[in-house]
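Asker: First the structure, then my questions, so here it is.
The values are calculated or read from the model by the stated rules, or taken from the named source; none is laboratory data. Model, not experiment: these values are computed from the prediction. Every residue, glycine as well, gets a Cβ built from its backbone with ideal geometry; the counts of neighbours run over all protein chains shown.
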Amino acid sequence: MKSLILNARMVSPDVEIEGASLLLENDRIVAVFGADEVPPEAARVIDAGGRIVMPGFFDIHCHGADGHDVCDNSLAALRHIAKRKLEEGVTTWLPTTLTQPQDKLEEIAGKCAQYLANQEFCRAPGLHVEGPFINKKNAGAQNPEFVRPPDFAELKRIHDIAPVRIVSLAPDIAGADEVIRKAAAIGITSSAAHTSATAAQISAAKHAGLKHLTHFCNAMTPVHHREIGVVGAGLLDDDLKIELICDTIHLCPDMLQLVFKLVPIGRLMLITDSMAASWIGQGEVMLGGLEVVVKDGRAVLKNGGALAGSALRYNEGVRNVAAITGLPLHQIVKATSWNQAQSLGLDGFGKIEPGFFADLVILNDDFSVWKTLVAGEER
């Protein structure tokens, strides 16, 4: 079936067209028309009314939403999260696990495999496994009880159940570089997380295949003038991609402004790192067996007060970046979908061009979500 989106403020990497029209056929974009061009007729017409139309967002690091968590080990929870993510404009999501016992991680992977086999809401091309191969000193809101040394065989067992797209681990732990090297050989992207690594250790891990830095600045070694740490390596290195939680809590506005000023936009990736706290407002939830209190948009461990993931909705992070940096949307859009798709090797995503998948978000001027389309359809 052919569909037509009219009167759009179309935003794609390096391209922004007022009054654009998009012709969709089945699950793809087949043509883009400027304001002075007359598009063909179509069976279904969506009048965007001047709203922003962007490629659907990629949330490659998200544990949960609205009282549900990937580690609930429930297909119903996964379906609920995936449906909520659509309301944030997310069309592609990596269900993200926590530091848990191996048998439970394998059970969770089995539930994820069920969702991957029938992706009713947003797409899920695979998993993000965060932990358990982290530095216990930097555990943050990961459960230290289940932290253990890097073990590729454990990761491979999960991968054999449901494809792992990203593994977040600590490069400073003995055996991590071997896991990074073996993971790269089977198509898993490694990301540095929950680590006391030096810049030199990050460099060594990069040579082994490290590609990303997880929730940049959080649970990692900060910049010091005699040891620039993981944060300094992330600012300095030309290749590493950086996850950013843009809730103005995990990174204050000044730090966000600094990162966007110093780091080329092609290396930045907006994430939520959201967990069950998102969408609930206030209250208490669980995160990997740990109690979390949510108040005023801030999620912290009940015992100790450490930040515990986020309560961020993806579209709110985009709004924050636009307000703080002043960057045009045709640049910001690189960090909301294109960079993630390129890093994960997912062709046909992250741009509004003929031949690309019709995964789209339509935003109001205040960045609230009006409609989300996956494969050309509202789900």
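Asker: When you scan the stretch 43-65, how many residues do you find that are touching a Phe, Trp or Tyr at 6+ places or on another chain (Cβ under 9 Å) and at pLDDT below 95?
Answerer: 0
Asker: Quick check on my filter: what residues within the stretch 180-208 are part of a helix (DSSP H, G or I), more than 21 Å from residue 148 (Cβ to Cβ) and of a type in the set (Val, Ile, Thr)?
Answerer: Answer for the stretch 180-208, where residues must be part of a helix (DSSP H, G or I), more than 21 Å from residue 148 (Cβ to Cβ) and of a type in the set (Val, Ile, Thr): just 202.
Asker: When you scan the stretch 218-232, do you find a residue that is under 21 Å from the mean Cα position of the chain (by Cα) and either farther than 18 Å from residue 130 by Cα or modelled with pLDDT under 95 (or both), even just one?
Answerer: Yes, that holds for at least one residue.
Asker: Residue 168: under 27 Å from residue 124 (Cα atoms) and either free of Cβ contacts under 8 Å to residues at least 12 places away in the same chain or polar (S, T, N, Q) (or both), yes or no?
Answerer: Yes: the conditions hold for residue 168.
Residues checked against (1) in contact (Cβ under 8 Å) with a residue 24 or more places away in the chain; (2) assigned to a strand (DSSP E or B); (3) surrounded by 16 or more Cβ atoms within 10 Å (Cβ to Cβ):
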| position | (1), (2), (3) |
| --- | --- |
| 6 | yes, yes, yes |
| 9 | yes, yes, yes |
| 17 | no, yes, yes |
| 24 | yes, yes, yes |
| 35 | no, no, no |
| 80 | no, no, yes |
| 84 | yes, no, yes |
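Asker: Here's a follow-up. Does residue 177 fit the bill of being assigned by TED's automatic domain parsing to the domain that holds residue 221, in a helix (DSSP H, G or I) and touching a helix residue (DSSP H, G or I) at 6+ places or on another chain (Cβ under 6 Å)?
Answerer: yes
Asker: Taking interchain pairs and intrachain pairs at least six residues apart, which have beta carbon atoms under 8 angstrom, with the first residue in the stretch 247-262 and more than 16 Å from residue 335 (Cβ to Cβ) and the second buried (at least 17 other Cβ atoms within 10 Å of the Cβ) and among the hydroxyl-bearing types (Ser, Thr, Tyr)?
Answerer: Cβ pairs passing all conditions: 249/310.
Asker: In this structure, does residue 200 turn out to be assigned by TED's automatic domain parsing to the domain that holds residue 128, over 22 Å from the mean Cα position of the chain (by Cα) and either crowded, with 24+ Cβ neighbours inside 10 Å or more than 18 Å from residue 62 (Cα to Cα) (or both)?
Answerer: yes
Asker: Among the residues of the stretch 211-238, write down those that are in contact with a Ser or Thr (Cβ under 9 Å, 6 or more places away or on another chain) and polar (S, T, N, Q).
Answerer: Matches in the stretch 211-238: 214, 221.
Asker: So, in the stretch 352-379, of the ones that are in contact with a helix residue (DSSP H, G or I) (Cβ under 8 Å, 6 or more places away or on another chain) and at pLDDT 95 or above, which residue ends up surrounded by the most Cβ atoms within 10 Å (Cβ to Cβ)?
Answerer: 361
Asker: If you check 126, 110, which single one turns out to be in contact with a Pro (Cβ under 7 Å, 6 or more places away or on another chain) and over 22 Å from residue 221 (Cα atoms)?
Answerer: That would be 126, the only listed residue that is in contact with a Pro (Cβ under 7 Å, 6 or more places away or on another chain) and over 22 Å from residue 221 (Cα atoms).
Asker: Counting just the residues of the stretch 296-351 that are modelled with pLDDT under 95 and crowded, with 18+ Cβ neighbours inside 10 Å, which one comes out nearest to residue 96 (Cα to Cα)?
Answerer: The extreme case among them is 309.
Asker: Can you tell me which residue among 107, 154, 130, 145 is of a type in the set (Asp, Glu), in the same structural domain as residue 84 (by TED's automatic domain parsing) and under 21 Å from the mean Cα position of the chain (by Cα)?
Answerer: Every option except 130 fails the conditions.
Asker: Give the residue that is surrounded by the most Cβ atoms within 10 Å (Cβ to Cβ), with candidates limited to residues of the stretch 231-251 that are over 23 Å from residue 323 (Cβ atoms) and among the acidic types (Asp, Glu).
Answerer: Residue satisfying both the conditions and the ranking: 237.
Asker: All but one of (1) at negative phi; (2) without any contact (Cβ under 8 Å) to a residue 40 or more places away in the chain hold for residue 319, so report the exception by its number.
Answerer: Single failed check for residue 319: (2).
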